[in-house]
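Contents: one structure, followed by commentary.
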Amino acid sequence: MRHHACKLTSLTALLALAAVAAPASATEGASGMYLLGGQTLDAGLSPPPGWYLAMAASQYNGSVGGTIQGGLRVAELRKKSDGLTTFLIFAPKPRILGGQLVLSVGMPYAYLRLTGEIDGPNGVRKAAVSGSGKGDTVMVARLGWQSATFSHAVSLTAWAPTGDYQKGFTPSIGHNRWAGDVMWAFTYAPGNHRTEFSGAIGYDFNGPNTLTHYRSGNEAHLELGLGRRLTPHLELGLGAYAYRQVTADSGAGATLGALKGRVYGAGPAVNYSLQVGGHGLVFLGRYFKEFDAERHFQGNLALISATLSL
């Protein structure tokens with residue numbers, strides 16, 4: 001069985017990375033809730049019972065050809081975001097259906113810069129805005145099961161519209177809509193457990209934005225990871241993801257139509273775990289280069305995080 005600190009890697013990926021400022025999707029504002037790439041190495045592992053504190057940071061830089069931003073048509077939009085999320089996580093001792101329950105709540109904060117070409121009644125004009133603020137509160141419930149070689153978990157994530165939001169071409173960190181994600185994740189580590197194959201498949205639901213009268217479509221995502229443990233504490237590997245919006249945008253504010261998008265990403269991944277004064281500490285890093293996007297942001301995503309057992 002892997003060291004308890006190693007088991008924290010899946011927790012960090014699922015929880016701490018779930019709420020950092022996410023790269024955008026083809027939904028309203030070209031901004032989705034779920035952070036693609038959060039489930040790669042050790043995605044199906046569950047942590048031991050206890051309390052945990054996690055912090056995660058992300059940076060995304062990309063562009064999209066056309067979208068709706070705060071109720072306005074934007075012909076060309078470039079986005080740069082730097083996000084930081086703090087999570088409090090609890091894994092109780094009692095088992096549920098033979099699995100380990102994990103509950104968490106996270107609060108993100110981010111800096112956002114947008115530059116674009118707004119398509120208005122007087123023609124196209126260039127605009128640039130930037131600002132920082134709090135994002136939408138994220139809540140996660142996860143139930144996981146483990147065996148000698150195969151571990152898996154199901155999770156439910158909900159985003160509450162508590163973040164800073166303003167209508168128009170503004171650097172809004174929040175989305176002004178409820179959203180949810182259901183996911184199944186797994187990890188297969190045969191033999192000596194030095195090589196593992198992990199993945200996750202999820203489906204996102206979006207509620208309406210009552211200020212812009214825009215309802216974003218639902219989304220599906222697939223993530224995969226292949227890793228090799230070089231030492232008991234260090235794992236290196238590769239991660240990849242595929243995203244597709246599966247239902248159309250709707251509502252009076254969806255003036256550009258369905259905006260059903262897609263994107264793919266791939267890049268290196270690393271996990272590092274250690275013990276500090278009897279506490280497990282895990283560091284996680286990811287980098288993804290996106291490609292073959294359609295009606296979706298395409299850019300570069302970097303993720304780092306740390307999780308401490310309390």
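FYI, it's all coordinate maths here, none of it is from the lab. Keep in mind that this is a model prediction, so the values were computed, not measured. Positions of Cβ are backbone-derived with ideal geometry, glycine not excepted, and every protein chain shown enters the neighbour counts.
A few points about this structure:
- Taking a Cβ cut-off of under 15 Å around residue 166, the surrounding Lys, Arg, Asp and Glu residues balance to a net charge of 0, with basic ones at +1 and acidic ones at -1.
- A simple charge model with +1 on the Cβ of Lys and Arg, -1 on the Cβ of Asp and Glu and nothing else charged puts the dipole of region 182-231 at about 220 debye relative to its Cα centre.
- Folded to 0 to 90 degrees: helix 4-14 orientation relative to the chain principal axis, Cα: 20 degrees
- Spread of Cα-to-Cα distances over 10 Å intervals beginning at zero, given as percent, for region 100-227: 11, 28, 29, 19, 10, 3, 0
- Each other residue within a Cβ distance under 14 Å of residue 116 adds +1 if Lys or Arg and -1 if Asp or Glu, for a net charge of +4.
- Cα-based Rg of region 233-310 normalised by 2.2 N^0.38 Å, two decimals: 1.59
- Positive-end extreme of charge dipole, the chain - chosen from 209, 242, 156 (charges on Cβ): 156
- Under 18 Å, Cα to Cα: Lys pairs in the chain, sequence gap 8 or more or different chains: 10
- The charge dipole of the chain, taken about the Cα centre with unit charges on the Cβ atoms of Lys, Arg (+1) and Asp, Glu (-1), comes to about 260 debye, rounded to the nearest 20.
- Equivalent ellipsoid semi-axes - Cα gyration tensor, the chain, angstrom: 35, 18, 17
- Under the Karplus curve 6.51 cos²θ - 1.76 cosθ + 1.60, θ = phi - 60°, whole-Hz ³J(HN,Hα) for region 220-231, x wherever Gly or Pro sits: 10, 9, 10, 10, 9, x, 10, x, 10, 7, 7, 9
- Of 58, 132, 81, the one that fluctuates the most in a GNM where the chain has Cα springs shorter than 10 Å: 132
- Cα extents of region 170-218 along the three principal axes, largest first (Å): 54, 21, 12
- Summed residue charge, Cβ within 13 Å of residue 205's Cβ, Lys/Arg positive, Asp/Glu negative: -1
- The separation of region 128-198 from region 212-264, counted between C-alpha centres, amounts to 11 Å.
- Here the average projected area of the convex hull drawn through the C-alpha atoms of region 177-297 stands at 9.9 nm².
- Across the alpha-carbon set of region 71-155, the Rg to Rh ratio works out to 1.27, Rh being the Kirkwood radius.
- Pair-distance distribution P(r) for region 117-164, from all Cα-Cα distances in 5 Å bins starting at 0: 5, 13, 11, 9, 10, 12, 11, 8, 8, 5, 4, 3, 1 percent.
- Across the chain, C-alpha contacts under 8 Å between residues 6 or more apart give a mean separation that, scaled by the residue count, equals a relative contact order of 20 percent.
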